[in-house]
1. How high is the relative contact order of the chain, in percent, counting Cα pairs under 8 Å that sit 6 or more residues apart?
2. Multiply the residue separation of Arg123 and Glu279 by 0.36 nm, subtract the distance between their alpha-carbon atoms, and state the gained length in nm to one decimal.
3. Please compute the net charge surrounding Ala249, taking Lys and Arg as +1 and Asp and Glu as -1 over other residues with Cβ under 13 Å from its Cβ.
4. Quick check: pseudo-label points 7 Å beyond the Cα along Cα→Cβ at Ala16 and Leu228, how many nm apart are they?
5. What is the distance in Å between the Cα centroid of region 95-116 and that of region 288-304?
6. Could you work out the percent of alpha carbon pairs in the chain separated by over 31 Å, rounded to a whole number?
Amino acid sequence: MPAILHAVRVVLIVNATASSFTARRRVVIQRALSAGHDLEVVETGRRGHAARIARGAAKQGVDVVAVLAGDGTLNEAADGLVGTQTALAPLPGGSTNVYVRTIGIASDPVDATAQLLGSLERRTIKRIGLGRVNDRHFLFHTGVGFDAAVVEQVERRAAFKRYAAHPIFVVAAFDTWLRTYDHSHGRFTVTLGDGEVIEGGTLAILSKTSPYTFLGNTPLVVAPEADLNSTLSITVVKARHAPAILSLAAAAFLSPRALRRHRDVEHRTDVVRATITGEAEFPYQVDGDYLGDVTLLDVAYVPDALNLVIP
């Protein structure tokens, strides 16, 4: 476990447009962190900025980068800290806060800050592995194909996401399937590190932790075996018709075992390397952020990548 002093240098990255806190709560959080630690607050509001802030903080020898933002900004900060000794401290500031909830941090930002202070006092820092696709690391999942196409549509409705994130996802999923995503044929092929080939994918999820996401308070579980100590799991969906997709979604909420046994699903665990290729471009997203369309994804598990402050 990395050593950490009682009083530490903390950079707090704040997304001022995030969903889960008010200006008043932000002041409370900043005061709590600065009471016993050397605190610097930096605002971010544009893509890629959090990674640069985190990378710079690590170069300056900062002990902890805390992130009061959503999963996308948290991912950027983690990506910037990979391979350094600076620890990442997630705080809930988004609409869903998948990673925060997954590792047992409180959903209320003020309560989560109290947890963080306790974690720093107890020195509860864990060195964890991450997933990587091409040159981007991920904390909890990467979505490929239909999943990523839905995320892209949600980002187009960013003004509404702040106030009605979960309904927007449901609406975007139906709209994407019916109007914008070509599911008439398989979009990509997955080749695992051991040489196994899975063809005809319309959707794939690379899982580093579980659940995949939350719908309200309900977890959507795709790879229950995935956790902070595991390598990667990959779930490839071949279904191309709406009834099959709906049954798979229901299975993910009600019975992960039924999901993995579905005839249109291939599920593999202990994945450390894979490639995903397509004759035409397919979309992908990382920790809930749409990153674009590609014809090749190089997938890897990266051990001992990041120091994480845990409750």
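No value in this document is a laboratory result; all are computed from the given coordinates. Just so you know, these numbers come straight off a predicted model, no measurement behind them. Positions of Cβ are backbone-derived with ideal geometry, glycine not excepted, and every protein chain shown enters the neighbour counts.
1. Numbers: 701 pairs, mean separation 65.9, N = 311.
Dividing the mean separation by the residue count of the chain yields 21 percent.
2. Details: separation 156, 0.36 × 156 = 56.16 nm, distance 4.87 nm.
Answer, rounded to one decimal: 51.3 nm.
3. Details: positive: none; negative: Asp147, Asp264.
Neighbourhood net charge equals -2.
4. 3.3
5. Going from one Cα centre to the other spans 25 Å.
6. Details: 13387 of 48205 pairs.
I get 28 percent for the Cα pairs in the chain exceeding 31 Å.
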